[in-house]
Amino acid sequence: MNDQSRSTTRSGGRAARRAARASALPDHLRPVRPGLQGGVYQPLAQHDLERIHQTALKALETIGLADAPQSGIDYLTDAGCTLGDDGRLRFPPALVEDTLARANRAVTLHSRDGKFDLDLSGTRVHYGTAGAAVHMVDVDGREYRDSTVQDLHDAARICEHLENIHFVQRPMVCRDIEDNREMDLNTIYACCSGTYKHVGTSFTDPNYVAPAMEMLHMIAGGEDNWRARPFVSNTNCFVVPPMKFATESCLVMEECIKAGMPILLLSAGMAGATAPSTIAGAIVQATAECLAGLVYVNAVKPGAPAVFGTWPFGLDLRTGAMSVGSGEQALLSAGCAQMHRFYDLPGGAAAGASDAKLPDMQAGWEQMCSNVMAGLSGLNMVYEAAGMHSSLLGFCHESLILSDDLIGQALRCVRGIDVSEDTLALDQIAQVCMGGPGHYLGTDATLSRMQSDYVYPTLGDRTSPKEWAELDKPDLVEKATARKLEILSTPSPARFTPELDAELRTRFNIHLPQ
């Protein structure tokens, strides 16, 4: 073979490799993806987990929970709880253990199109939005304003385009809709018309569940289709810590269970205020409350799908302000994830939120710290993972977009280090060092790993200072704003058909413009 032939062959090989790198990788070869298995980080020893479990059982047996609705009292006493003269329901340890033995562990949270289903088994990790922010962060004016239904819809549309956002639990409330019934229904419409991904939502009144189910049946193409693949779950704050049922929320939960909607059992005590100030004590209380919720769910319908939502939050004890961006918060969520694994139950907790008011350096370190620790601990559902600021009071579209990059790096940490004969690379070392080029740049082995092993930021800047200056010194938040405008300039791929949309608008008072 002459020199020209060899040159052509090499050039053709490089071109083929470039073409391969430019094409999308199959899901199983992507460096990060939904459902990577965590669990390597374990802040609690096995005997710690046992002690937390036994203490939670003792709390349920001796303290119990107050303020259950009458229907809840009936369900739970029929299941084996006792109602004391003080109005508190107490849970015999055997009842809790029996419930744990038969609880549903094969929970899948479905997407609307079947492409983003979430398998919550084992230590599979998924990141998404959540919350009830009342403000939107305006990065241009560095101001906060009331959140609207359009903001919520836009957040869902943005999430549809972000690979590392795996589900869309409603991150904000629609403050421009004063009627609570219309707000609940428009929340579902705004989210489901913006994304195919699994949606989480809340209801302010049990009477609003029925019209919501009517809407969801219409979107699904019938009740049977909905029950086969429920693509919306109920985020249910069924307790008011410490150790009290939230009466109205429990009634909502009962209706949602009957309607086939998965339940997120959400216990959100604040350490030092509505939960013990110690990390272990806050985990005990959240665990006890969610165990009570699990008994409740299974008393209504044995085997109903539920997510064990221990969400204790940190508190700055100097001021009484929430500290969702703290190291203590990261430990709380990681410890809760271990309890989920202890029970082998689908679980969720909060991580990735920030106390910072804007997407700045403080937001970056706070979001990354708890997101990484939650993922490494094997938390199935990492809620509040993107876009949340000001201790859950504010939501930011630009921060949501930046969080996609951040969570991609967190997921790479979750994936961990692959050790095999191939990755130990002794043959590569020999080839490079003995008669080779003396470096690994451009080798077939290096190029073959570019896409499958490495995660590259979409907006993060890795240029040199000279290149950065030549590019007119791009600003990260400005790049996120440009990406937001790009996404929102085209209709969502998840939008409803014109026929379905017309039917929904005829039946319900939809506030979003057509």
**Complete:** For W311, the net charge from surrounding residues (Cβ-Cβ under 13 Å; K, R +1; D, E -1) works out to -2
**Complete:** Binned at 5 Å from zero, the C-alpha pair distances of the range 194-303 give percents of 2, 12, 21, 20, 17, 12, 9, 5, 2, 0
**Complete:** Heavy-atom accessible area of the range 239-287 with neighbours in place, 1.4 angstrom probe: carbon+sulfur share in percent works out to 63 percent
**Complete:** For Q70 and T497, extending 7 Å from Cα along the Cα-Cβ vector and measuring point to point gives, in nm, a value of 4.6 nm
**Prompt:** Quick one: accessible area per residue over the range 252-365, 1.4 Å probe, rounded to a whole number of Å²?
**Reply:** 27 Å²
**Asked** In 5 Å bins starting at 0, how do the alpha-carbon pair distances of the range 345-483 split up by percent?
**Response** 2, 9, 14, 15, 15, 13, 11, 9, 7, 3, 1, 0, 0
**Complete:** Quick shape check on the range 46-124: root eigenvalues a ≥ b ≥ c of the Cα gyration tensor, a/c under 1.5 is rounded, otherwise prolate if a/b tops b/c, else oblate, and it reads oblate
**Item:** Potential lengthening between T458 and A321 on full extension [0.36 nm per residue; Cα-Cα distance subtracted]
**Value:** 45.9 nm
**Spin-label model distance (nm) - M361 vs S489, 7 Å beyond Cα toward Cβ** = 3.3 nm
**Request:** Give the peptides 166-174, 198-206, 218-226 in descending order of average Cβ contacts within 10 Å, highest first.
**Result:** 166-174, 198-206, 218-226
**Message:** Using Cα-Cα distances under 8 Å and only pairs 6 or more residues apart, what relative contact order does the range 397-514 have, in percent?
**Reply:** 39 percent
**Message:** Show me the ranking of peptides 468-474, 344-350 by mean Cβ neighbours inside 10 Å, starting with the highest.
**Reply:** 344-350, 468-474
**Euclidean distance between Cα centres, the range 337-364 to the range 24-67, Å** = 12 Å
**Message:** Full-extension gain between H439 and N207, please, as 0.36 nm times their residue separation minus the C-alpha to C-alpha distance.
**Reply:** 76.7 nm
**Asked** If you bin the C-alpha pair distances of the range 247-316 every 10 Å from 0, what whole percents do you get?
**Response** 22, 46, 24, 8
**Asked** Probe 1.4 Å, all protein chains in place: accessible area of T506 in Å², nearest 10?
**Response** 120 Å²
**Calculated FRET value between E97 and T446, using beta carbons and R₀ = 51 Å, to 0.05** = 0.45
**Request:** Take the solvent-accessible surface of the protein heavy atoms, probe 1.4 Å, and return the percent of it on the range 48-123 that carbon and sulfur atoms account for.
**Result:** 49 percent
**Item:** Largest-first ordering by accessible area, 1.4 Å probe, given options M381, M270
**Value:** M270, M381
**Message:** Relative contact order for the range 166-205: what percent, with Cα pairs under 8 Å and sequence separation of 6 or more?
**Reply:** 58 percent
**Request:** Would you mind working out the accessible area per residue for the range 40-134, using a 1.4 Å probe, and quoting it in Å²?
**Result:** 47 Å²
**Complete:** For D113, placing the label point 7 angstrom along Cα-to-beta-carbon and taking the range 206-227, residues whose amide nitrogen sits under 18 Å are 219-221
**Message:** Can you sort H153, H439, H28 by solvent-accessible area, 1.4 Å probe, largest first?
**Reply:** H28, H439, H153
**Request:** List the relative contact order of the chain as a percent without decimals, with contacts defined as Cα pairs under 8 Å and 6+ residues apart.
**Result:** 19 percent
**Item:** Dipole magnitude of the chain about its Cα centre (Cβ charges: Lys, Arg +1; Asp, Glu -1), debye to nearest 20
**Value:** 1260 debye
**Asked** Gain in length, I429 to K258, computed as 0.36 nm per residue apart minus the alpha-carbon separation, to one decimal in nm?
**Response** 55.4 nm
**Request:** Could you work out how far helix 93-102 tilts from the main Cα principal axis of the chain, as a 0 to 90 degree angle to the nearest 10?
**Result:** 50 degrees
**Request:** Mind putting a number on the dipole of the range 221-268 about its Cα centre? Charges go on the C-beta only, +1 for Lys and Arg and -1 for Asp and Glu, and I need it in Debye to the nearest 20.
**Result:** 140 debye
**Message:** More than 31 angstrom separation, counting every C-alpha pair in the chain; what % is that?
**Reply:** 48 percent
**Item:** Estimated vicinal HN-Hα couplings, Hz - the range 448-454 in sequence order (Karplus 6.51, -1.76, 1.60; Gly, Pro = x)
**Value:** 5, 9, 4, 9, 7, 10, 10
**Asked** Helix-derived [θ] at 222 nm for the chain: sum -39500 (n - 2.57) over DSSP H runs of at least 4, divide by residue count, nearest 500?
**Response** -14000 deg cm²/dmol
**Item:** Solvent-accessible ranking of D360, D140, largest area first, probe 1.4 Å
**Value:** D140, D360
**Request:** First compute the accessible area of the range 346-434 with a 1.4 Å probe, then give the percent of it belonging to carbon and sulfur atoms.
**Result:** 66 percent
**Message:** For the range 156-247, what does the accessible surface come to per residue with a 1.4 Å probe? Please give it in Å².
**Reply:** 32 Å²
**Request:** On the full set of protein chains, 1.4 Å probe, figure out the accessible area of R105 and give it in Å² to the nearest 10.
**Result:** 70 Å²
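The values are calculated or read from the model by the stated rules, or taken from the named source; none is laboratory data. Everything quoted here is computed from the prediction, not taken from an experiment. Neighbour counts are summed over all protein chains in view; Cβ atoms, including those assigned to glycine, are modelled from backbone coordinates with ideal geometry. What goes into the accessible areas is simple: the full protein's heavy atoms, side chains included, and nothing from ligands, DNA or RNA. Shrake-Rupley method; radii C 1.70, N 1.55, O 1.52, S 1.80 Å.
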